[in-house]
Each structure stands twice: as structure tokens, then as C-alpha cells.
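For reference, the structure discussed in these notes is given below.
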Amino acid sequence: MIITKKEPYSNEEISKLKELFEVYIKTVIDIDKKICSAGCDRHFESEKILLDQGSNQKDLWGGGVDLETKAIDCNSVINIRPGTNTSNEIQDKETREKFEKLTKYFFKKLYE
């Protein structure tokens with residue numbers, strides 16, 4: 001189940017989002033508009049939802065959250081951008097920090 005929103009996910013929503021992988025939730029975040037689309041099987045699914053809602057490609061970054069360790073990862077094929085981000089990992093420090101901060105906001109129920 002994919003849920004896309006601007007507010008933090010509730011415990012009930014987090015339970016639905018983890019149905020696919022149990023201990024991991026894939027996310028795509030628009031770091032400009034501060035919208036998260038989570039629960040996808042492949043990052044491009046959430047990327048498409050956000051693009052269809054008017055997000056700009058340059059603002060979309062993929063990763064996820066490990067529900068057991070609460071570790072945030074910034075790894076997704078959608079992060080590869082010729083000339084600016086040549087890896088699956090978010091390489092720009094400022095962009096990575098925004099992504100991690102927003103992940104903690106959207107999943108703040110995990111970090112309470």
C-alpha cells in the first residue's frame with residue numbers, strides 16, 4: 001500500500017506501509033514541497049505519484065527506513081542524475097540532510 005501525504009504517518013498507517021517488506025519502508029520525498037510517498041515496491045512507483053501531483057524531478061529523492069534499527073537510508077536508483085548525483089546514494093550533504101530530517105518528520109512515531 002502506498003500512502004502519499006504532507007503530514008506524519010500515524011501508527012496505523014505505518015502498519016499498512018510495512019506490509020510489503022515487514023521491517024523496511026521505501027520512501028520517495030519531495031524535499032521542496034515536503035511530501036512523502038511511502039510503501040512502494042519500487043521507488044519509481046512513488047516517484048510517478050509525486051510527479052503526477054506536480055513535483056519537480058530535481059526535488060524527488062528515494063530511500064527508506066529500517067523499522068528495527070530506525071536507520072534511514074538514502075539509496076535508490078531514482079537518485080542517479082547524470083552530472084549531479086552519480087550514485088544510488090544521495091551524495092550532496094545538504095540534500096541528504098534534508099531527506100533524513102524529513103524522513104524523521106514523516107516517521108516521527110518511530111522516533112518518539
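The values are calculated or read from the model by the stated rules, or taken from the named source; none is laboratory data. Nothing here was measured: the structure is a model prediction, and the numbers come from that model. Using ideal geometry, Cβ is built from the backbone for each residue, glycine included, and neighbour counts are taken over all protein chains shown.
For this structure, a couple of remarks:
- You will find that of 95, 69, the residue that is surrounded by 13 or more Cβ atoms within 10 Å (Cβ to Cβ), polar (S, T, N, Q) and at negative phi is 95 and no other.
- All positions within the range 72-92 that are surrounded by 12 or more Cβ atoms within 10 Å (Cβ to Cβ) and part of a helix (DSSP H, G or I): 78, 79
- Within the range 70-86, residues that are under 18 Å from residue 31 (Cβ atoms) and of a type in the set (A, V, I, L, M) reach no partner that is part of a loop (DSSP other than H, G, I, E, B) and at pLDDT below 95 with beta carbons closer than 6 Å at six or more positions or on different chains.
- Screening residue 105 against (1) hydroxyl-bearing (Ser, Thr, Tyr); (2) modelled with pLDDT of 95 or more; (3) more than 21 Å from residue 5 (Cβ to Cβ) leaves a single unmet condition, (3).
- Close pairs from the range 46-62: first more than 17 Å from residue 86 (Cβ to Cβ), partner outside any helix (DSSP H, G or I) and of a type in the set (Lys, Arg), Cβ under 9 Å, at least 6 apart: 46/26; 50/33; 53/33; 54/33; 55/33; 56/33; 59/33
- The range 96-112 - residue that is in a helix (DSSP H, G or I) and not charged (D, E, K, R) and, of those, nearest to residue 11 (Cα to Cα): 110
- The residues in the range 1-43 that are within 19 Å of residue 101 (Cα to Cα), polar (S, T, N, Q) and either part of a loop (DSSP other than H, G, I, E, B) or free of Cβ contacts under 8 Å to residues at least 60 places away in the same chain (or both) can be counted, and the count is 3.
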